[in-house]
Amino acid sequence: MLNNTQSLDFNRMRTLSMFALAFCVLSLTSCAKRPATTDVEARLTYDEANDPLEPMNRSIFAFNTLFDDIILAPTARLYRIWGPPDIRDGIANFVTNWREPVTFVNDVLQAEPKRAGTSFSRFLINSTFGLLGIFDTASNWGIEHHSEDFGETFAVWGIPEGPFLMLPILGPSNTRDFTGFVVDFFYDPVSYWLAHKNWTYVRYGRLALKGLIYREENLETLDDLSKSSTDFYATIRSGYRQLRLYDINNGSLDTSEEDDLFNQELEDDFDD
């Protein structure tokens, strides 16, 4: 049986999840439909229509940029300098491996049995032969990694993305992906087990470490994009939507229209 602390934690998880789901449903009722066109003007109109909270989002983005400049980016650079490549790879592999149960659950919910089998096999192999995931043995055996989350599952179920959101620290999102993030965080098997053990600091530390790894891996990409964009916020917003479209379709979608449009926006930035 759960003790009082665990019961309180479970109730908090349930309350947050229900709030996020309700927020998603309410927000999606006014969601604009993505235009199936390469017309830049139509796409920009869509962006404006589907970003009703833009003033607030830009304020949060400014805060995130300041946080990145002062804390996150310098920490990521120190992590790269002080952490040998093999050590960093081992940490990244470990974090990735213990997210495989989330991917497995979402593969099942998306009716993707083959991909679910891949996720299960990777977790089993890397947790044993890979020493809890420090070594990506499964990839060496030809079993390639893929990632799924509940935001993608919502998309597969036909739920539209909803208005764009810029979340403090966490970055770009939308109501569908934010809801999926809440569900993934509180109900993924590993996180649930950590909650049962009352190891809350490990759960949040795992999330922070994932963000640090991502920032270190994208130091040059994000820094170059920041310098080359006349409107960094709009570029991040468009790039996030394109990336999510790619992820939702498991990398197999012909996104030529999206690519043409996004590239045109980047070219406009570069020309300016």
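Kindly identify the range 39-180 as rounded, prolate or oblate by the Cα gyration tensor criterion: order the square roots of the eigenvalues as a ≥ b ≥ c, call it rounded if a/c is under 1.5, otherwise compare a/b with b/c, prolate if a/b is larger, else oblate. Since a/c reaches 1.5 but b/c is at least a/b, the shape of the range 39-180 is classed as oblate.
Distance between the C-alpha centres of the range 99-156 and the range 172-239: 18 Å, rounded to the whole angstrom.
Determine the gain in length on full extension of the stretch His196-Leu132; use 0.36 nm per residue of separation and subtract their C-alpha separation, reporting nm with one decimal. Show your work: numbers first, answer last.
Details: separation 64, 0.36 × 64 = 23.04 nm, distance 2.00 nm.
Fully extending the segment from His196 to Leu132 adds 21.0 nm.
Length gained on full extension, Phe67 to Asn218, computed as 0.36 nm times the residue gap minus the Cα-Cα distance: 52.8 nm. Under a model in which nothing but the beta-carbon of Lys, Arg (+1) and Asp, Glu (-1) is charged, the range 52-112 shows a dipole of about 260 debye around its Cα centre.
Placing a label point 7 Å from the Cα of Ile87 along the Cα-to-Cβ direction, the residues of the range 47-80 whose backbone N falls under 20 Å of that point are 72-80. Classify the range 58-132 from the C-alpha gyration tensor, please: rounded if a/c falls under 1.5, else prolate or oblate depending on whether a/b exceeds b/c. Oblate, because a/c is 1.5 or more while a/b does not exceed b/c.
Extension gain Ser59-Asp231, at 0.36 nm per residue separation less the Cα-Cα distance, in nm? The partial results should precede the final answer.
Working: separation 172, 0.36 × 172 = 61.92 nm, distance 1.37 nm.
Fully extending the segment from Ser59 to Asp231 adds 60.6 nm.
Computed from the coordinates by the stated procedures, all read-outs in this text should not be read as laboratory data. As the structure is a computational prediction, the values presented were derived from the model and not from experiment. Ideal geometry is used to build each Cβ from the backbone, glycine not excepted, and the neighbour counts take in all protein chains shown.
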